[in-house]
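Only one structure is covered here, and it is reproduced in the block below.
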Amino acid sequence: MGRLYSYRGASPRLASSALLADSAELVGDVVVGEDALIAGGVRITGDSSGAVRIGARVTILENTVLRPLPDCDLVVEDDVVIGPGAVLQGCHVGSGSVVEAGALLDGRSRIGAESLVGSGACVKQRSVFPARSVIDGSPAEVMGRLRGPLRRPDWAPRSGDLAARGLPDGHGTDAGTPPGHS
């Protein structure tokens with residue numbers, strides 16, 4: 001399991017079914033929901049300026065950074081997929097959305113439910129996008145609207161997918177706080 005660090009009296013809390021890769025780091029006021037997958041190199045920091053809340057069945061892929069901004073929590077609702085190398089700061093991502101690789105979502109921005117944020121998109125501060133939007137560009141804008149259901153990308157594993165590939169018993173199935181990291 002990855003590294004969990006307390007910060008100013010706040011410690012990360014993970015659901016027992018969450019999977020945290022060995023090289024992932026969670027710091028401070030971070031809550032991770034059921035069946036979430038946090039891949040290698042991910043850093044999630046909740047600090048004295050705000051909290052981080054990650055919903056159930058969220059997938060956060062390699063080398064992604066999530067953090068609040070002063071007086072602005074970071075919230076990722078249920079069933080969200082975040083691609084590798086994305087940076088999310090003090091924003092809100094609605095349920096069922098997909099944030100592709102290398103996207104930047106900045107402070108106080110809001111992505112509506114079941115939206116798609118394209119690779120490398122730059123969502124500027126205080127931008128608000130309605131549900132079921134296709135968002136891309138720099139600065140990001142609505143490029144279209146989704147008509148059918150947003151399908152989970154084939155490149156996005158689930159926590160159960162990795163556990164089924166022969167990880168040692170118990171690895172990733174009980175992501176409770178390790179001794180000395182309360």
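Give the accessible surface of the chain per residue, rounded to a whole number of Å², with probe radius 1.4 Å and ligands, DNA and RNA excluded.
Result: 46 Å² per residue.
In terms of the Cα gyration tensor, with a ≥ b ≥ c the square roots of its eigenvalues, is region 50-138 rounded because a/c is under 1.5, prolate because a/b exceeds b/c, or oblate?
Cα axes put region 50-138 in the rounded bin.
Any chance you could look up the accessible area of ARG13 with a 1.4 Å probe, heavy atoms only, rounded to 10 Å²?
130 Å²
Taking 0.36 nm per intervening residue step and subtracting the Cα-Cα distance, what contour gain separates ARG3 from ALA51 on full extension?
Full extension from ARG3 to ALA51 adds 15.5 nm.
Quick check on region 1-59: of the DSSP beta bridges with both residues there, what percent are antiparallel, nearest 5%?
The antiparallel proportion sits near 10 percent.
Can you sort SER48, SER95, SER16, SER115 by 1.4 Å-probe accessible area, starting with the largest?
SER48, SER16, SER95, SER115
Tell me the Kirkwood hydrodynamic radius of region 1-76 in angstroms, computed as one over the mean inverse distance between distinct C-alpha pairs.
In region 1-76 this quantity evaluates to 11.8 Å.
For region 40-108, give me the percentage of DSSP beta bridges that are antiparallel, rounded to the nearest 5 percent.
Percentage antiparallel, nearest 5: 10.
May I ask you to derive the relative contact order of region 28-140, considering only C-alpha pairs under 8 Å and at least 6 residues apart, and to give it as an integer percent?
17 percent
Could you report the accessible area of SER23 in Å², rounded to 10, computed with a 1.4 Å probe on the protein chains as they sit in the structure?
70 Å²
Would you kindly derive the ³J(HN,Hα) couplings of region 107-114 from the backbone phi angles with the Karplus curve 6.51 cos²θ - 1.76 cosθ + 1.60 (θ = phi - 60°), listing them in order in whole Hz, with x for Gly and Pro?
Listing the rounded values in order: x, 6, 7, 9, 9, x, 4, 6 Hz.
Hey, what number do you get for the chain at 222 nm if only DSSP H runs of n ≥ 4 count, each worth -39500 (n - 2.57), divided across all residues, to the nearest 500?
-500 deg cm²/dmol
What percentage of the solvent-accessible surface of the chain, computed with a 1.4 Å probe over protein heavy atoms, is contributed by carbon and sulfur atoms?
49 percent
By DSSP, what percent of the beta bridges with both residues in the chain are antiparallel, rounded to the nearest 5?
Roughly 15 percent of the DSSP beta bridges within the chain come out antiparallel.
No solvent, one uniform scatterer per C-alpha: report log10 I(q)/I(0) for region 90-141 via the Debye equation at q = 0.12, 0.17, 0.27 1/Å, two decimals.
Each listed q maps to, in turn, -0.18, -0.37, -1.01.
Above 24 Å lies some portion of the pair distances; for the chain, what is it as a whole percent of all C-alpha pairs?
In whole percent, the long-distance tail amounts to 32.
When only C-alpha pairs under 8 Å and at least 6 residues apart count, what is the relative contact order of region 82-162, in percent?
Computed over region 82-162, the figure is 22 percent.
Could you state how much accessible area THR64 has, in square angstrom rounded to the nearest 10, with a 1.4 Å probe and all protein chains kept in place?
The value for THR64 is about 0 Å².
The values are calculated or read from the model by the stated rules, or taken from the named source; none is laboratory data. Note that the coordinates shown come from a computational prediction; the quantities given were computed from them, not determined experimentally. The area values use the complete protein model at the heavy-atom level, side chains included, leaving out ligands, DNA and RNA. Shrake-Rupley method; radii C 1.70, N 1.55, O 1.52, S 1.80 Å.
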